[in-house]
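What follows is one structure encoded as structure tokens, with my remarks underneath.
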Amino acid sequence: MSLKHVNAVIVGSGAGGGVVAKELAEAGLSVVLLERGKWFTPFDERKDDLRNQRTCVLGNAFGPDERNPRVYVDASGHERIVPPTYGAYSNNAACVGGGTLSYGAMAWRFMEKDFRLRSTYGTVEGSTLDDWPITYEDLEPYYEKAEWEIGVSGDDSNNIFRAPRKRPLPMPPLPPTREHQILKPAAQRLGLHPFDIPMLRNSIPYNGRGACMRCRWCVGFACEVDAKCGTHNTVIPTAIKTGNCDLRCECIVREILTSDRGRATGVAYYDSDGRLQEQSADLVVVSCAAIESARLLLNSKSRLFPNGLGNRYDWVGRNLQGHAYTGAIGLFDRETYDDLGPGASIAVCDFNHGNSGFVSGGLLANEFIRLPYQFASRTTAGIPRWGAAHKNFVRRYYRSSISVMGPMQEMPIFDSRVQVDPKVKDHWGIPVARLSGHRHQNDLLGTNFMSAKAEAWLKEAGAATVIRSGPISLDGPSGGQHQAGTCRMGSDPKTSVVDKFCRVHDVDNLYVVDGSVHPNNGGFNPVLTIMAIAYYASANLVKTRKGMGAT
Amino acid sequence: MTNDRKFLRLRVIAPVLLILFATFLLPGASLYYSYSGGKSCTKCHEIWQPYRDWHDSAHRNIACSECHGDVLTLDAGFHLKNIRQLAAHLRGKIPEQVRLKTDDVLQIEKRCAKCHREEYASWSAGPHSASYAKIFLSKDHNTQTLLMDDCLRCHSMHFQGSIRDLVTPLNKEGPWRLTDSRLADQPAIPCLTCHQMHRHGDPLARPPATKPDDAGPHEELARPSLALFDRREQDYVSLDRLPLPQMHEGTRLVKISPDRRQALCYQCHAPEATAQVGSGDDRTPIGVHEGLSCFACHEKHGQTTRASCTTCHPQLSNCGINVETMDTTFKSLKSSHNVHTVKCINCHTKGVPEKKGKNHEGQEVSRRNPA
Amino acid sequence: MQPSLRLNRRAFLQAALTAAAAAGAGVACSRNGSPWRFFTLDEARALAGMVDQIIPPDQDAGAVWAGVVNYIDRQLCGPYQTLQETYRYGLEAVDQTSQSTYGKVFADLESHQQIELLHRLEDGKAPGAAWKQVSSAEFFRYVVDHTMQGFYGDPRHGGNREGVSWKMLNLPYPPIRGRVRSDLPKPRSG
């Protein structure tokens, strides 16, 4: 059964897909936006501290559910089927808005050097590190568009390392927390350059929605006051309002359909009733996040594309990255906790680049509010695990500790990859993603360095004791919510999957718009970059469509 | 032929069964329920916990059926729901916790009124009896503030669903309507917002014929039923667990009354996270009224404040002006002197004179009036 | 809640367990004649002994009072269904180990003996035969983590009775949060 033909079908309504849907719908294209999850509301999880996207010991509040397993292959080659609640699964929310419904909402622009890592640091052994085919300057206007359209608060004017911006952020930062007030002078004394983290969160009423009321349940949860800005409450409603965008939830795309001439003709998907549907379209945009986007391309096999779409040179699914998180927790003699959410508010970018002994680095920032279970279940060496000592520790330090953490820019590795599993299938009979690989030695050097810097910052801030994160394990692939890299953007079709406009090299009406296209993932949370690339790719898409006189 | 006969037989048998059912089973079941005081229902039933709580509650002398209905209740929807629950129970789909649905809460509301007439009348006349329509379809509000899930924290907190399921469309243009129009006249802040029926307590003795005049911290404090219905937990948080804030005026710590009952008020008439007096929806009194409990002036069910000044004040103030005719919002809502924040200096702009007078125990005191 | 803490440890444990079990009555996912959904009475006793060493009662309530056994019992019939066997074998092995070492089941040991034994489980040094089906270190890790969830997590899941751990951490619930009303004119009066 086939449905009414449309100009564009977009698979995935997260940070990338949501933006593309709005841009295309506003340009007058007819759009079908397919989302595998539901359109959740805050009532669905009601600030459940054991069942959300950050702490999912009792389940993921916003998906995916157990009908979507994956296969994980560890360093010794042992493979196992993992459900979405396991760390090894590398889960990202499956719902309208994707991760942006429940994220912490840090809104970073990558730095200029992040687009030029190879030119800056040279080749790195064991890594496929390369420059991007676009520069920071190419993306700058689109970063700005994302900041103003979706809404970012903060103040990075004290960040001397930031890439130049033409326009300030649209909203001021939230007033500082106690942690902020403790950490800021300490950083300054150390000669660092602390500033207010840019966040996709209303600090004042903006875009018709109210301001953050500073509750303690932010990252991992849906916002009850709608102050957290995701695609679900900004661009997607705008797209729908144009009348050109049809959002269909609980639709599982099986494959991208292609013609005999090698062009994409639409997608085949299972609708919410489990019926197989075919949606034909002039162009197909894949925005499922790095693991699922690669899986969809690999699962779309045909005579012309026996190894999957875009995979002529075996690059789809390669270079799976995420972020190695590291830092330290400082224990204080005085109370540091003031119950003002979201918690994270101050950062330094002094260690993103220019460190000696390893490539790149990452930001350091204070952590989001750690809810009691998160705090109590911390298993860092040096903290009692159970018994009276543990209870005393939690009671003594829950309100008197600060955690400083940061994401280390990982080195892309060819063998860290997404494949489709030859045996295991999901509920719909579609082969699942199979994750395998390892991390680069550089990630370990970088994280050790960053934890030491976090420790120094906390000590300077007056912590009586500082406990550093343990060394990261290099076994197994990275990924997680910051997953990226599997459909690399590049000029050479032999060493990349999409061109600089996110178009798959050998299928001229198929696009991948999400973190998959990042050749490397920055020492930053990647969401604003995903949004900026989505605006940038959409602008080009709309331009070329007009040139073709389409519709 | 055989099919016809089968059909005929069905037509005869079905009504007979129905009549038998109505004559024997229903009253029988009713008797079974009422005879054991509800205990029989709990034998194999997920309502064990509520039953146990009820048994220790102030309402222990009131049968389950008084509030929850029984087999003789004339409401098809009620029975349908029970049958669905029974079916689920038999299939082994047993809920961990039995919760009141939107409809149940509104049903129970009417039953409260049967006994608590005075309280009900007072609540009905006051602002807390605002209907769903008044709260959610207000043009003044909706054109300025986008409706959001957090609205349901303090209004219609028993509604089972998101704001999206309650009001449509969710924009600032309108016109808005309730998805379920039957809710329009229902109260958005029903009794069960602040009262937990099954909470531990003793049956109330007859209240004294006249209530004491000195409302405030000395009055009989928290009724055991006082608890907040927390929408996130879908459960009550009892008064003793609810926080009372430490309020600030700038950097100054503001004195607030120790009256625990205010913890309920503060949940919704709440300051912003920084706990500044007057921020958000806060009404913490400062100035001449600092330290007073909400209940010193506001009647607990009706929230009326009329005639409340004289419960504390001698009619004439220090300046010889009748306190109720002073230029405050008590006299007129248009006044710029909010009773919650008014200070002597607001009228005595050139400085507050020192005043000698007698305190309530009759001793001579000289005091500087609070600025 | 506080007065019950003054009871001696064992009597208190029994009382709290009975109360918690009663709360679970009638919603059993197994019909084993036990008031629990999953556990037998003996299993629940052993587990109660363990969790009250993992988060012992002191000036604040311990894991048993907070309903941690109820929490775990409930999750084993829900999201943790796959761990049913682990608990069944694990708790049996705990009592076996206890019997072979001290001649008593775990729940009847002195507090210091319980702690000693738990350390041995944690280090994977518990006697072999009983731990064939499941490793003692792995089982202990589960119990510790689930105890933390049941004690510090949301009361809606059957633990953290009356938000006792949040109260211990001086974490007000529900927090008092008014909305920023800068988009509305201030109401003129209350």
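The values are calculated or read from the model by the stated rules, or taken from the named source; none is laboratory data. Because the structure is predicted, anything quoted here is derived from the model rather than measured. All Cβ positions, glycine included, derive from the backbone under ideal geometry; neighbour counts span all protein chains shown.
A few points about this structure:
- Set side by side, the residues A:Ala388, A:Ala365 differ, and just one is outside any loop (DSSP other than H, G, I, E, B) and within 14 Å of chain C (Cβ to nearest Cβ), which is A:Ala388.
- Top-ranked residue of segment A:107-154 - restricted to ones that are basic (Lys, Arg) and without any contact (Cβ under 8 Å) to a residue 60 or more places away in the chain, ranked as surrounded by the most Cβ atoms within 10 Å (Cβ to Cβ): A:Arg118
- Among the criteria (1) surrounded by 15 or more Cβ atoms within 10 Å (Cβ to Cβ); (2) at pLDDT 95 or above; (3) within 14 Å of chain A (Cβ to nearest Cβ), the one B:Thr179 does not fulfil is (1).
- Test: residue in segment A:188-211 that is away from every other protein chain (no Cβ under 14 Å), in a helix (DSSP H, G or I) and touching a residue at least 60 places away in the same chain (Cβ under 8 Å): yes
- Selection from segment A:32-66 of residues that are of a type in the set (S, T, N, Q) and touching a helix residue (DSSP H, G or I) at 6+ places or on another chain (Cβ under 8 Å): A:Thr41, A:Gln53, A:Thr55
- Residue list for segment A:350-365, restricted to those being on the phi < 0 side of the Ramachandran plot, over 19 Å from the mean Cα position of the chain (by Cα) and not acidic (Asp, Glu): A:Phe351, A:His353, A:Asn355, A:Ser356, A:Phe358, A:Val359
- Restricting segment B:246-264 to residues that are within 11 Å of chain C (Cβ to nearest Cβ) and in a loop (DSSP other than H, G, I, E, B), the residue that is surrounded by the fewest Cβ atoms within 10 Å (Cβ to Cβ): B:Gln246
- Filtered by the rule that a residue be crowded, with 17+ Cβ neighbours inside 10 Å and either more than 11 Å from chain C (Cβ to nearest Cβ) or part of a helix (DSSP H, G or I) (or both), segment A:371-382 gives A:Pro372, A:Tyr373, A:Gln374, A:Phe375, A:Ala376.
- Residue in segment A:48-69 that is over 30 Å from C:Gly158 (Cα atoms) and either in contact (Cβ under 8 Å) with a residue 24 or more places away in the chain or small (Gly, Ala, Ser) (or both) present: no
- Condition met for B:Arg283 (under 13 Å from C:Pro175 (Cα atoms) and either assigned to a loop (DSSP other than H, G, I, E, B) or assigned by TED's automatic domain parsing to the domain that holds B:Asp149 (or both)): no
- Looking across segment B:155-181 at every residue that is hydrophobic (A, V, I, L, M, F, W, C), part of a loop (DSSP other than H, G, I, E, B) and out of contact with any Lys or Arg (no Cβ under 7 Å at 6 or more places or on another chain), the one that is farthest from B:Cys268 (Cα to Cα) is identified as B:Trp176.
- Filtered residues of segment B:265-295 (kept if of a type in the set (S, T, N, Q), touching a residue at least 40 places away in the same chain (Cβ under 8 Å) and more than 7 Å from every other protein chain (Cβ to nearest Cβ)): B:Thr284, B:Ser293
- Evaluation of A:Lys543 against (1) touching a Lys or Arg at 6+ places or on another chain (Cβ under 7 Å); (2) free of Cβ contacts under 8 Å to residues at least 12 places away in the same chain (one fails), failing number: (1)
Quick grid of which residues meet (1) more than 9 Å from every other protein chain (Cβ to nearest Cβ); (2) modelled with pLDDT of 95 or more:
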{"residue": "B:Gln160", "(1), (2)": "no, no"}
{"residue": "B:Leu204", "(1), (2)": "yes, no"}
{"residue": "B:Asp213", "(1), (2)": "yes, no"}
{"residue": "B:Arg223", "(1), (2)": "yes, no"}
{"residue": "B:Leu244", "(1), (2)": "no, yes"}
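- Single match in C:Val68, C:Val51 (criterion: among the β-branched types (Val, Ile, Thr), crowded, with 20+ Cβ neighbours inside 10 Å, touching a His at 6+ places or on another chain (Cβ under 8 Å) and under 17 Å from C:Phe139 (Cβ atoms)): C:Val68
- Of all residues in segment B:126-154, those satisfying the criterion of being assigned to a loop (DSSP other than H, G, I, E, B) and either within 12 Å of chain A (Cβ to nearest Cβ) or surrounded by 20 or more Cβ atoms within 10 Å (Cβ to Cβ) (or both) are B:Thr143, B:Gln144, B:Thr145, B:Leu146, B:Leu147, B:Met148, B:Asp149, B:Asp150.
- Selected residue (criterion: surrounded by the most Cβ atoms within 10 Å (Cβ to Cβ)) from residues of segment A:391-404 that are in contact with a helix residue (DSSP H, G or I) (Cβ under 7 Å, 6 or more places away or on another chain) and more than 8 Å from every other protein chain (Cβ to nearest Cβ): A:Val404
- Once segment C:146-165 is narrowed to residues that are under 11 Å from the mean Cα position of the chain (by Cα) and hydroxyl-bearing (Ser, Thr, Tyr), the residue that is nearest to the other protein chains (Cβ to nearest Cβ) is C:Tyr152.
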